[in-house]
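The values are calculated or read from the model by the stated rules, or taken from the named source; none is laboratory data. This one's a predicted model, so the numbers in the text were calculated from it and none came from an experiment. Cβ coordinates were reconstructed from backbone atoms using ideal geometry, including for glycine residues, and neighbour counts include every protein chain displayed.
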Amino acid sequence: MTHRSTTGPRRGASRRNFLGGLGAAGVALPLIPLLEPEVLAAPPATRLILLTSANGTIHEQWKPEFDGNALALSPILSPLEPHKNDLVVLDGLGWRYDDGPGVDHMRICMLWNGTPMLAGNEFQNSTGDKPCGWGGGITVDQFLAGQIGQETPFASLEFGVHNGNAHLYSRVSYAGPNQPIPPEDDPYAMFDRLFAEFGQSEAELGRLRARRKSVIDVVRGNLTTVQAKVASADRLKIEAHLDAVRKIEQRLDTTATCEVPLLGKQIDPDANDSFPVVSRLQIDMMVMALACGLTRIASLLWARAGSNVRYNWLGLSTEHHSIAHDSSDPARAQIAQINTWHAAEVAYLLEALKAVPEGDGTMLDNTLVVWGNELADGWTHSQHPTPLVLAGRAGGALTTGRYLDFGDDRHNRFLVSLCNIMGMPEVTSFGTLDEGTGALDGLV
Amino acid sequence: MSRLGHPPNQDYLVPLLATRPPKVDPQVVSVEVRAWGVAAALAILPSCYSGLVGSDGHDSQGATEDAGDEGGPASESGAPAGVCDEPSVDTSPLRRLTRSQYDNTVSDLLGVAGTPSAAIASDEKVGAFFSNASAPVAELIVEQYMRVAEELAQTATANLDALVPCDHVADPLGCGATFVEAFGLRAFRRPLTPDERTAMIALFELGHAEGGFASGFTLVVEAFLESPQFLYHLEFGLEPELPATDSGDVVALDSFELASRLSYFLWDSMPDDALFDAASADELDTPQRLRAQAERMLADPRAAAAIANFHMQWLRLDKLAELEKNATAYPTFSPELRAAMAAETARFADHVIRFDDGRLETLLTASYSLLDEPLFALYQLERPADHDPAIPVELDPSQRAGLLTHASVLATHAHADQSSPVHRGVFVRENLLCQPLAPPPPDVDVVPPELDPNASTRERFERHRSDPSCNGCHSLIDPLGFGFEHYDGIGAFRTDEGGKPIDASGEVVGGDAPDNTFDGAIELGQRLAQSELVRTCVAQQWFVYGFGRLRGEGDDCSFDQLRTSFAESGHNVRELLLAIVMTDSFRYRRIEGGQ
């Protein structure tokens, strides 16, 4: 990937160089202004951001009031007050999936693909009689990445905060059945992935690119040889590897123009109490990557399903998952508090998107933000209704400032609507649980 | 309200068979357990809502079959235990190196220490053990491999003279070719094919033309480290001419494949020169020769890495590195203490298996340990002035004996501010008895009861006994977990809790010892050491660790042999490891597709 910084070649503009000059506490510095005006001349593209948090919400404290004109936000959504005219809150959607492999938190893998997990024994621990494998189908972000993500250096970017080891719980994005895509939980690694090359001169970049291509040539040859020899069940693994190599190689020919964000003082991203800092760092980098055309599709997973993060910064020292399993009033209040904190993170994202001017408006006007949760309610493990908040106008495709209660409708219809909003009206069903009823009525 | 403790986020449960567990009748749960020599049906209390989820035995198809049709440790063909008519093995999925395998391998290969794999996405697990056996690699991971390889290759240029076996100044091109040949053997863990050699030499020459020898060197090292022959455990068997049709044929592994199986099993890393030499000379072709190599390898310090790796995962200590505690409840808990806890378990297990008698009983009952400085205070021991952590020290046998009383185990299986009979009980039930439990139903409280100065932990968990909806499963869990009540949330010994004397009496419900009751974790360790359930479980755990996959029906004969050898050795884990490398499951592979 060749990169050009708007401020010209920036020698050594790696995070390590930035870190030396910053003694401040481990907080992200504002990115704004993000870009010089001249790079914004091109017509803005529509972007998709999927946000996922865990362990359910408290529906009665989440559900807003709507009189047909104006939204009156609920306690949990109150941090979004400055953005309420940019929101569409969706209620009454869920799955009808009771049998089959996998249960409860594991169904986080269904959130964005509307497809049950595979049969298998990778996750035999789910419940006594419902062992399962990885997620069973492509997620909506990856589907759209295949459609509208091919012109950008990265078809999509997956950000994470504290997701831990590879597990059904810690993956929300799938390239296809049994093809989980790991999020990058380390903001510093993400920085290197996105921005490390911006500090290099054209000559250095050219050399790096040529060397990578030479190595990839040999690696691809080796993969092809191995592919022909392995058993058919293993061949899929080598094919996926080849496909990844191909994408990385293609990226070497792309260009983007970005301002390199500042990361502040380096912290341990895995420490429990780093959670809020990592969340902000990831959001900052996501906004920059979208703004400067590194990708059009991004997702962020705030801790795995069944997350055990301790929200110490809110004064909550018990593990999130344990609180969610507690039906007492104080615990319910704490779950509301946690969800309110996540709403504030969403608000921070929206604010950052609004800070980027685009055309006559801001980047938020050309973006569709979707915030969902793996469960409706942690106490019952119910998945109906999935709490869903949309934000942004997706280039005018979405009318905002609304609350829609679908009563008892299917989540798959929502996934169809997402594709339609993102410029794919020809999509009429999504996921294997789809009942052929098309997009949601009244959303678009 | 009364609140109860459930283990959160049960992603660590322990499936052990490559087969679907039986459908369990929620009312009457009968769990089949292949105890030593005799298959026993273990009737579990009838009220556990969905009971034990897996079992150890040949129950793959037989959800409805009772244990009674088990004929003891006989193979499917009816042959007596330990004798296998024809080579039989279950299918091994293609596996990618785990993070620790990657780190150890590049360290051996390039002399670069550290944990470069920290920059690579986390591993999948099979059972309790890391193994990348299922999901294909994602683009992110391939990119991570690329970046890590670039950094490693760059770092290795500092070692150029040590890594390159020839004069690269006098004859850079000739030396480059020599390097490719020698390094290629070690990186791909077998001799290069002519095509591989040609491609790598061409790449070297390209780099050399661009920037001299070091430039060619780094390009080649990157290409090796990013190639599938390095990143995957590739195994084709002895008939390389045959394409891997999905024939279901069982084929012998070739010598180099066996060398890699040995090294990753016993060292968690690549083969050394002696193993490569043995492979080149075809000296790994009999079980006895494999055993001889394994004996040599167990005597090598590198075996400590694999033994540590096994125990950290078996005992679910892989999360210890990030364990955090409530600073008010446990002000002495620190990263240094945490690291010392991990080091103790790793050193102790290694010492028992490689330097002491190797017996499972010793692992579970020995009242000595190998301690880093921070643990002396926690264990209330005086530290000798000239203490060396590599030298065993005697512990107070009334307070500490065996793995179950290690602070690592006790602190990991506890809450941030208190002990956890439930976590500890589940841990013993699943990881030592190999009886996975179903997670709690969703609509129950799993927050541990509030600390109460007027109530002991046992009293606070009373509802688990009194409430029938809890009792079914918790009768399997809590009587084990209460046995650990002499140890607080970071593993410090205590005789009372807020002035109330500790009651650490318990029972291995459904256990197979003559007496399943015990008082305290030390007696629990003694009971478990005599349990055939535990012995079979340990063999099973090593099997899963060693093969990076679940055990399937095709492995029955091999597994029977393992248990025989384990028993005949007095349950010496060292002998168990040697027995594993002699089995058909180790020496053969099955060529089979999945889909």
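Of (1) within 20 Å of A:THR52 (Cβ to Cβ); (2) surrounded by 20 or more Cβ atoms within 10 Å (Cβ to Cβ), A:ASP326 satisfies all except one. Which?
The one condition A:ASP326 does not meet is (1).
A:THR257 passes all but one of (1) within 8 Å of chain B (Cβ to nearest Cβ); (2) under 30 Å from the mean Cα position of the chain (by Cα); which number fails?
(1)
Name the single residue that is surrounded by the fewest Cβ atoms within 10 Å (Cβ to Cβ) among those in segment B:126-149 being facing chain A (nearest Cβ under 10 Å) and among the aromatic types (Phe, Trp, Tyr).
The qualifying residue surrounded by the fewest Cβ atoms within 10 Å (Cβ to Cβ) is B:PHE130.
Out of the residues in segment B:539-583 meeting the condition of being of a type in the set (D, E, K, R) and touching a strand residue (DSSP E or B) at 6+ places or on another chain (Cβ under 7 Å), tell me which one is modelled with the highest pLDDT.
B:ARG549
Kindly check whether there is at least one residue in segment A:228-239 that is surrounded by fewer than 22 Cβ atoms within 10 Å (Cβ to Cβ) and modelled with pLDDT of 95 or more.
Step one: filter segment A:228-239 for residues surrounded by fewer than 22 Cβ atoms within 10 Å (Cβ to Cβ), giving A:228-229, A:232-233, A:235-236, A:239.
Now drop any that are not modelled with pLDDT of 95 or more, which leaves A:239.
Yes; the residues of segment A:228-239 include at least one that is surrounded by fewer than 22 Cβ atoms within 10 Å (Cβ to Cβ) and modelled with pLDDT of 95 or more.
Take the residues in segment B:443-458 that are closer than 28 Å to B:LEU315 by Cβ and surrounded by fewer than 24 Cβ atoms within 10 Å (Cβ to Cβ), then tell me which one is modelled with the highest pLDDT.
B:ARG458
What's the number of the condition B:ASP512 fails, among (1) in contact with a Ser or Thr (Cβ under 6 Å, 6 or more places away or on another chain); (2) surrounded by 22 or more Cβ atoms within 10 Å (Cβ to Cβ); (3) among the acidic types (Asp, Glu)?
B:ASP512 satisfies all of (1) in contact with a Ser or Thr (Cβ under 6 Å, 6 or more places away or on another chain); (2) surrounded by 22 or more Cβ atoms within 10 Å (Cβ to Cβ); (3) among the acidic types (Asp, Glu) except (2).
Would you be able to say whether some residue in segment A:386-402 is out of contact with any Pro (no Cβ under 6 Å at 6 or more places or on another chain) and more than 27 Å from A:GLN142 (Cβ to Cβ)?
Among the residues of segment A:386-402, at least one is out of contact with any Pro (no Cβ under 6 Å at 6 or more places or on another chain) and more than 27 Å from A:GLN142 (Cβ to Cβ), which makes the answer yes.
Can you find a residue that is touching a Leu at 6+ places or on another chain (Cβ under 8 Å), under 27 Å from A:ALA394 (Cα atoms) and not assigned by TED's automatic domain parsing to the domain that holds A:SER307 anywhere in segment A:194-209?
From segment A:194-209, those touching a Leu at 6+ places or on another chain (Cβ under 8 Å) are A:194, A:197, A:200, A:209; that's our starting set.
Remaining after also requiring under 27 Å from A:ALA394 (Cα atoms): A:194.
Then keep just the ones that are not assigned by TED's automatic domain parsing to the domain that holds A:SER307; that gives A:194.
The answer is yes, given that some residue of segment A:194-209 is touching a Leu at 6+ places or on another chain (Cβ under 8 Å), under 27 Å from A:ALA394 (Cα atoms) and not assigned by TED's automatic domain parsing to the domain that holds A:SER307.
Across segment A:169-192, what is the number of residues that are closer than 18 Å to A:GLY149 by Cβ, assigned to a loop (DSSP other than H, G, I, E, B) and more than 9 Å from chain B (Cβ to nearest Cβ)?
2
Would you confirm whether any residue within segment A:291-303 is out of contact with any Pro (no Cβ under 9 Å at 6 or more places or on another chain) and surrounded by fewer than 20 Cβ atoms within 10 Å (Cβ to Cβ)?
no
Search segment A:311-330 for residues being part of a loop (DSSP other than H, G, I, E, B) and not small (Gly, Ala, Ser), and hand back the single one that is modelled with the highest pLDDT.
Applying the filter and picking the extreme gives A:TYR311.
Listed here are the residues, each with its yes/no results for (1) of a type in the set (Val, Ile, Thr); (2) under 29 Å from A:THR432 (Cα atoms); (3) modelled with pLDDT of 95 or more; (4) more than 21 Å from the chain's Cα centre (by Cα).
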| residue | (1), (2), (3), (4) |
| --- | --- |
| A:ILE58 | yes, yes, no, yes |
| A:VAL89 | yes, yes, yes, no |
| A:GLY94 | no, yes, no, no |
| A:ASP98 | no, yes, no, yes |
| A:VAL103 | yes, yes, no, yes |
| A:MET110 | no, yes, no, no |
| A:GLU122 | no, yes, no, yes |
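How about segment A:226-243: which of its residues are more than 7 Å from every other protein chain (Cβ to nearest Cβ) and in contact with an Asp or Glu (Cβ under 7 Å, 6 or more places away or on another chain)?
Selection gives A:GLN227 alone.
Has segment A:214-225 got any residue that is assigned to a helix (DSSP H, G or I), surrounded by fewer than 19 Cβ atoms within 10 Å (Cβ to Cβ) and more than 9 Å from chain B (Cβ to nearest Cβ)?
yes
Those residues that are of a type outside the set (Asp, Glu) and either closer than 21 Å to A:ARG207 by Cα or at pLDDT below 85 (or both), I need them from segment A:240-259; list them, please.
Those that are of a type outside the set (Asp, Glu) and either closer than 21 Å to A:ARG207 by Cα or at pLDDT below 85 (or both): A:VAL245, A:ARG246, A:LYS247, A:ILE248, A:GLN250, A:ARG251, A:LEU252, A:THR254, A:THR255, A:ALA256, A:THR257, A:CYS258.
Tell me yes or no: at least one residue of segment B:197-211 is in contact with a Lys or Arg (Cβ under 7 Å, 6 or more places away or on another chain) and surrounded by fewer than 21 Cβ atoms within 10 Å (Cβ to Cβ). Working first, answer last.
At the first step, the residues of segment B:197-211 found to be in contact with a Lys or Arg (Cβ under 7 Å, 6 or more places away or on another chain) are none.
Within segment B:197-211 (the criterion being in contact with a Lys or Arg (Cβ under 7 Å, 6 or more places away or on another chain) and surrounded by fewer than 21 Cβ atoms within 10 Å (Cβ to Cβ)), the answer is no, since none of the residues qualifies.
Looking only at segment B:459-502, which residues are touching a helix residue (DSSP H, G or I) at 6+ places or on another chain (Cβ under 8 Å), under 22 Å from B:ALA416 (Cα atoms) and at pLDDT below 85?
The answer is B:PHE461, B:ARG463, B:HIS464, B:HIS474.
Residues of segment B:114-125 being outside any helix (DSSP H, G or I), more than 8 Å from chain A (Cβ to nearest Cβ) and either crowded, with 22+ Cβ neighbours inside 10 Å or within 18 Å of the chain's Cα centre (by Cα) (or both), which ones? Talk me through it step by step, then tell me what you get.
Keep residues of segment B:114-125 that are outside any helix (DSSP H, G or I), which gives B:114-115, B:120-125.
Still in the running and more than 8 Å from chain A (Cβ to nearest Cβ): B:114-115, B:120.
Listed by number, the list holds a single entry, B:ILE120.
Have a look at A:LEU404, A:LEU415, A:LEU375 and point out the one that is under 20 Å from the mean Cα position of the chain (by Cα) and at pLDDT 95 or above. Write out each step before concluding.
Working: A:LEU404 fails: under 20 Å from the mean Cα position of the chain (by Cα); A:LEU375 fails: at pLDDT 95 or above.
When all the criteria are applied, what remains is A:LEU415.
Looking only at segment A:366-383, filter to residues that are surrounded by fewer than 23 Cβ atoms within 10 Å (Cβ to Cβ) and over 18 Å from A:ILE76 (Cα atoms); which one of those is nearest to the other protein chains (Cβ to nearest Cβ)?
A:HIS381
Evaluate the following for B:GLU226: is it within 11 Å of chain A (Cβ to nearest Cβ), in contact with a strand residue (DSSP E or B) (Cβ under 6 Å, 6 or more places away or on another chain) and among the acidic types (Asp, Glu)?
Spelling it out, it is not the case that B:GLU226 is within 11 Å of chain A (Cβ to nearest Cβ), in contact with a strand residue (DSSP E or B) (Cβ under 6 Å, 6 or more places away or on another chain) and among the acidic types (Asp, Glu).
Looking at (1) assigned to a helix (DSSP H, G or I); (2) surrounded by 18 or more Cβ atoms within 10 Å (Cβ to Cβ), which is the one condition that is false for B:SER419?
So the condition that B:SER419 fails would be (1).
Of the conditions (1) buried (at least 18 other Cβ atoms within 10 Å of the Cβ); (2) not assigned by TED's automatic domain parsing to the domain that holds A:SER53, A:PRO182 fails just one. Which one is it?
Single failed check for A:PRO182: (2).
Name the one entry in B:LEU185, B:LEU152, B:LEU160, B:LEU219 that is among the hydrophobic types (A, V, I, L, M, F, W, C), within 11 Å of chain A (Cβ to nearest Cβ) and either out of contact with any strand residue (DSSP E or B) (no Cβ under 9 Å at 6 or more places or on another chain) or within 29 Å of B:THR115 (Cα to Cα) (or both).
On inspection, the qualifying residue turns out to be B:LEU219.
Quick check on A:VAL389: is it under 15 Å from the mean Cα position of the chain (by Cα), over 17 Å from A:ALA45 (Cβ atoms), β-branched (Val, Ile, Thr) and outside any strand (DSSP E or B)?
Considered against the rule, which asks whether it is under 15 Å from the mean Cα position of the chain (by Cα), over 17 Å from A:ALA45 (Cβ atoms), β-branched (Val, Ile, Thr) and outside any strand (DSSP E or B), A:VAL389 comes out as no.
Return the only residue of A:GLY176, A:GLY146 being in contact (Cβ under 8 Å) with a residue 24 or more places away in the chain and in the same structural domain as A:THR52 (by TED's automatic domain parsing).
Details: A:GLY146 fails: in contact (Cβ under 8 Å) with a residue 24 or more places away in the chain.
Among A:GLY176, A:GLY146, only A:GLY176 is in contact (Cβ under 8 Å) with a residue 24 or more places away in the chain and in the same structural domain as A:THR52 (by TED's automatic domain parsing).
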